[in-house]
Amino acid sequence: MEEKKAPEVEENVSMDELLDDGEYGIKKINPGDILTGKVISKNNDEMMVSIGYMSDGIVPSEEFGSYDSMANYNVDDEVEVYVLKMDDGDGNLILSKKKADGIVVWDELQGKFDAQTVFTVKPAEVVKGGVVADISGLRAFIPGSQLDNRYVENMGDFVGKDLDVKIIEFNKEKKKIVLSGRIVKEERKKEAEEKLYETLKKGDLVKGKVTKLMKYGAFVDIGGTDGLVGLDELSWKRVIHPSEVVNEGDEVEVLILNVDKKTKRIALSLKAKFEDPWMTLVEDFEVEDVVDGKVVNMMGFGAFVEIAEGLEGLVHISEISEKRITKPEDELEMGQEVVVKILKIDYDNKKISLSIKEAAGADIDFGDEFEEEEEQEGNTLEALFGDKLKNLKF
């Protein structure tokens, strides 16, 4: 095989021109270049990297960022480096890993910002107004309002945990990077909702978890979206606050009452899967019965009285007292024990009309016990006066 010889070099040919030739595998480099090299050796102080130049480069230990170290690299690993110096005075090419990372990371983040790519970070510490995450040596800020799509009580709960984010503000010149986890969660929730709304049907029984209690009902997550169990759908009994029936975090089974795809609202019922006890309870009562009860609620038009556990009737304001009153509170108190007369039982609408004033004037059947006492009293008088009672005229 014929040996390849180097071309004759004219006296006026510079070193740069010779390096530009490229025929002998020698590349031209300059300070500030970012190159991909291969690790050929390392010790506690430095790492030697081959970059295809006439001499290998040295990466001093101090040229690794706080997020990185030589321990992360082995011989033959590829590594991106930044050319710091062509000659340190001893003929050594000095390279930097952290400067290369800084430039490369900024370029990568620019691409992620432009494409609105989702990526994962790990918040490192809590600062005023939010948390800070380290991205290959670059500090990125996540405002507290952008950590989650729900209210965050303790931002420290996010430190050290993976968080999927998007870049919402990016300025390389000002070294400003602002991230948002909330946007990612909201987008994912919306996607899940759209899929879920295609499968949900009125009348379905579904499992879920109670996520929030409000005075008007309980919100239940049924697999990516929340539905509302209204106050009157929590129980067949009267409920003043949802906490009387459920707590946040409870696993429940609910019936879907309605799905509104336009408004993205789902109406749920917790009580619907249980049999309505009203018809069973009301069997023990009849119109004209006079019974004991307890005031459980008062409205402007009257008072609701519980005559059995889970069974209530309405005493209209006109049926509370013989006197003219302007509101139930004029005569009644919450929890007060009262005697009421059943005026009407509306089986179709499951309503009972009661009266306190009519109960006060009603003939009350005291039962067999009173009749026995009356009979005994009569027998005693007869024994004392005998025939004299028969002869009395009134």
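For region 136-177, give me the residue count where each residue is among the polar types (S, T, N, Q), in a loop (DSSP other than H, G, I, E, B) and under 23 Å from the mean Cα position of the chain (by Cα).
2
Is it fair to say Glu253 is surrounded by fewer than 18 Cβ atoms within 10 Å (Cβ to Cβ), part of a loop (DSSP other than H, G, I, E, B) and among the charged types (D, E, K, R)?
no
For region 80-97, give me each residue that is under 12 Å from Glu62 (Cβ atoms) and touching a helix residue (DSSP H, G or I) at 6+ places or on another chain (Cβ under 6 Å).
The answer is Ser96, Lys97.
Can you name the number of the only condition in (1) in the same structural domain as Asp348 (by TED's automatic domain parsing); (2) crowded, with 16+ Cβ neighbours inside 10 Å; (3) of a type in the set (A, V, I, L, M) that Leu228 fails?
Only one criterion in (1) in the same structural domain as Asp348 (by TED's automatic domain parsing); (2) crowded, with 16+ Cβ neighbours inside 10 Å; (3) of a type in the set (A, V, I, L, M) is unmet by Leu228, namely (1).
Can you report the number of residues in region 73-119 which are without any contact (Cβ under 8 Å) to a residue 24 or more places away in the chain, within 22 Å of Ala133 (Cβ to Cβ) and not aliphatic (A, V, I, L, M)?
Looking only at that region, the number is 4.
Report yes if some residue within region 254-272 is touching a strand residue (DSSP E or B) at 6+ places or on another chain (Cβ under 8 Å) and acidic (Asp, Glu); otherwise report no.
Checking region 254-272: at least one residue is touching a strand residue (DSSP E or B) at 6+ places or on another chain (Cβ under 8 Å) and acidic (Asp, Glu).
Looking at the structure I just gave you, is Asp114 in contact with an Asp or Glu (Cβ under 8 Å, 6 or more places away or on another chain) and either part of a helix (DSSP H, G or I) or polar (S, T, N, Q) (or both)?
Considered against the rule, which asks whether it is in contact with an Asp or Glu (Cβ under 8 Å, 6 or more places away or on another chain) and either part of a helix (DSSP H, G or I) or polar (S, T, N, Q) (or both), Asp114 comes out as no.
Condition (residue is in contact with a Pro (Cβ under 8 Å, 6 or more places away or on another chain) and at positive phi) applied to region 160-177: is it met by at least one residue?
Looking through region 160-177, at least one residue is in contact with a Pro (Cβ under 8 Å, 6 or more places away or on another chain) and at positive phi.
Hey, among Lys350, Lys344, Lys388, which residue is outside the structural domain of Val239 (by TED's automatic domain parsing), surrounded by 10 or more Cβ atoms within 10 Å (Cβ to Cβ), modelled with pLDDT under 90 and of a type in the set (Lys, Arg)?
Every option except Lys350 fails the conditions.
Taking the stated definitions as given, is Val165 of a type in the set (A, V, I, L, M, F, W, C), over 28 Å from Met47 (Cβ atoms) and either in contact with a helix residue (DSSP H, G or I) (Cβ under 9 Å, 6 or more places away or on another chain) or not assigned by TED's automatic domain parsing to the domain that holds Lys212 (or both)?
Spelling it out, Val165 is indeed of a type in the set (A, V, I, L, M, F, W, C), over 28 Å from Met47 (Cβ atoms) and either in contact with a helix residue (DSSP H, G or I) (Cβ under 9 Å, 6 or more places away or on another chain) or not assigned by TED's automatic domain parsing to the domain that holds Lys212 (or both).
Here's a check for you: in region 241-265, which residue that is without any contact (Cβ under 8 Å) to a residue 40 or more places away in the chain and of a type in the set (A, V, I, L, M) is farthest from Glu198 (Cα to Cα)?
It comes out as Val245.
Looking at Ser243 and the list (1) small (Gly, Ala, Ser); (2) under 16 Å from Ser269 (Cα atoms); (3) surrounded by 14 or more Cβ atoms within 10 Å (Cβ to Cβ), which single condition is not satisfied?
So the condition that Ser243 fails would be (3).
Determine which single condition Gly293 fails, assuming it passes every other condition in (1) in contact (Cβ under 8 Å) with a residue 60 or more places away in the chain; (2) not assigned by TED's automatic domain parsing to the domain that holds Glu319.
Condition not satisfied by Gly293: (2).
Test Glu329 against the stated conditions and say whether it is farther than 18 Å from Lys237 by Cβ, modelled with pLDDT of 90 or more and within 40 Å of the chain's Cα centre (by Cα).
no
Quick test for you: out of Asp68, Asp76, Asp16, Asp20, pick the one residue that is at pLDDT below 80 and either in a strand (DSSP E or B) or closer than 26 Å to Ser136 by Cβ (or both).
Asp68
What residue, among those in region 178-214 that are at pLDDT below 95 and assigned to a loop (DSSP other than H, G, I, E, B), is farthest from Val245 (Cα to Cα)?
Out of the qualifying residues, it is Glu198.
The values are calculated or read from the model by the stated rules, or taken from the named source; none is laboratory data. Note that the structure is a prediction, hence the values are computed from the model and not measured. Positions of Cβ are backbone-derived with ideal geometry, glycine not excepted, and every protein chain shown enters the neighbour counts.
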